[in-house]
Amino acid sequence: MRNINDFMPKIEGLRWAAITNIAPTVANLKQIDRIMPKDGKWHELFETPKEMIIDGVSVRTRTADSMT
């Protein structure tokens, strides 16, 4: 399997980019911006109601209510 960065376009000034399974909302983009490294690479992001899978690593999504 090829790395996504081998075939996606190189964009000057790119902080990070993601290929997602659903269209992100502004709130999701702000959350993802806190998570993603500012490395100028593309990332694969698969989102379900309970978790986000970023480059094959599962990150559970939680609300403030679920943490109390």
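The figures follow:
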| quantity | calculated |
| --- | --- |
| Some residue of segment 2-12 being of a type in the set (Phe, Trp, Tyr) and surrounded by 11 or more Cβ atoms within 10 Å (Cβ to Cβ) | no |
| Pick from segment 33-61, criterion within 22 Å of ASN5 (Cα to Cα), touching a Ser or Thr at 6+ places or on another chain (Cβ under 9 Å) and not acidic (Asp, Glu), ranking: surrounded by the most Cβ atoms within 10 Å (Cβ to Cβ) | LEU45 |
| Close pairs from segment 31-50: first more than 13 Å from THR20 (Cβ to Cβ), partner assigned to a loop (DSSP other than H, G, I, E, B) and modelled with pLDDT under 85, Cβ under 7 Å, at least 6 apart | LYS50/THR61 |
| Qualifying residue in segment 32-40 (condition: in contact with an Asp or Glu (Cβ under 7 Å, 6 or more places away or on another chain), modelled with pLDDT of 85 or more and farther than 22 Å from MET8 by Cα) | no |
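The values are calculated or read from the model by the stated rules, or taken from the named source; none is laboratory data. Just so it is clear, the structure is predicted and the values come from calculations on it, not from any experiment. Don't worry about glycine lacking a Cβ; one is built from the backbone with ideal geometry, like all the others, and counts go over all protein chains shown.
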